[in-house]
Amino acid sequence: KNEVEQSPQNLTAQEGEFITINCSYSVGISALHWLQQHPGGGIVSLFMLSSGKKKHGRLIATINIQEKHSSLHITASHPRDSAVYICAVRRPSGSRLTFGEGTQLTVNP
Amino acid sequence: NAGVTQTPKFQVLKTGQSMTLQCAQDMNHEYMSWYRQDPGMGLRLIHYSVGAGITDQGEVPNGYNVSRSTTEDFPLRLLSAAPSQTSVYFCASSYWQGQETQYFGPGTRLLVL
């Protein structure tokens, strides 16, 4: 079993819908990252969380340390949000990130 | 700033050939790392460096060498390419290892025949 599991693997939505992507992990962590990979392949950091919630524009990330679970929400989704969203965790030792396989999001107009 | 740059963007190699993937950053970041991305798997760390002259192995280091002679550059060397090294390679950097924002290069797509 992977240390980091994301669901769903694929998600198709209509423009304007509220989207949730989930990330579960099985190890103790010091931080969790959400990243976005554009259709052209470029990867961008979105958030780093160690507790609670963060918001940036239409993106909201939450984490529940006790349940070992994080969610990424997109409000009022838009076709330009179409991308692969990747969850990654950092162990307390801090030497590396462990990545989930990603969630492919497609938002149709 | 150019950010993190990688060259080449695409490369085809024959089994047994050697090559170097270049990575450079102009943000004076201490931490640099190399990842490979394969279908059905998450990004996996190959090697990383916490500063000039210091490198360490990641999750999948076999078949790859690195060096960090300057803060700016972190090349990845394949000494004898194998088909299993067909992948997309990403270089990333940040000021320090646990920084919130990791800056990724555009990737190098490598095909080993």
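For the reader, a short list of remarks on this structure follows.
- Length released on extending from B:Asn65 to B:Glu100, taking residue separation times 0.36 nm less the Cα-Cα span: 9.9 nm
- Between A:Val44 and A:Gln104, the modelled label-to-label distance comes to 2.1 nm, taking each label 7 Å out from Cα in the direction of the beta carbon.
- The protein assembly as shown, Cα convex hull volume normalised per residue, Å³: 122 Å³
- The GluC sites (Glu not before Pro) of the range A:1-93 that DSSP puts in a loop, and whose beta carbon has at most 10 other beta carbons within 10 Å, are A:Glu67.
- Relative contact order (percent, whole number), chain B, Cα cutoff 8 Å, 6+ residue spacing: 36 percent
- Within a Gaussian network of chain B (alpha carbon springs, distance under 10 Å), most fluctuating of B:Gly16, B:Gly51, B:Gly40: B:Gly40
- Pairwise label distance in nanometres, A:Thr12 with A:Arg91, each label 7 Å out on the Cα-Cβ vector: 4.0 nm
- Within the protein assembly as shown, percent of DSSP bridges classed antiparallel, to nearest 5: 90 percent
- Charged side chains reduced to their Cβ positions (Lys and Arg at +1, Asp and Glu at -1) give chain B a dipole of some 480 debye around its Cα centre.
- Using the Cβ-Cβ distance between B:Leu79 and B:Asp38 with R0 set to 35 Å, the FRET efficiency works out to roughly 0.95.
- For the peptide B:51-63, the mean number of other protein chain Cβ atoms found within 10 angstrom of a residue's Cβ is 1.
Read the figures in this text as sums done on the coordinates, not as results from a lab. It should be emphasised that the depicted structure is a prediction, and the values quoted were computed from it without experimental measurement. All Cβ positions, even for glycine, are placed from backbone atoms using ideal geometry, and neighbour counts span all protein chains on display.
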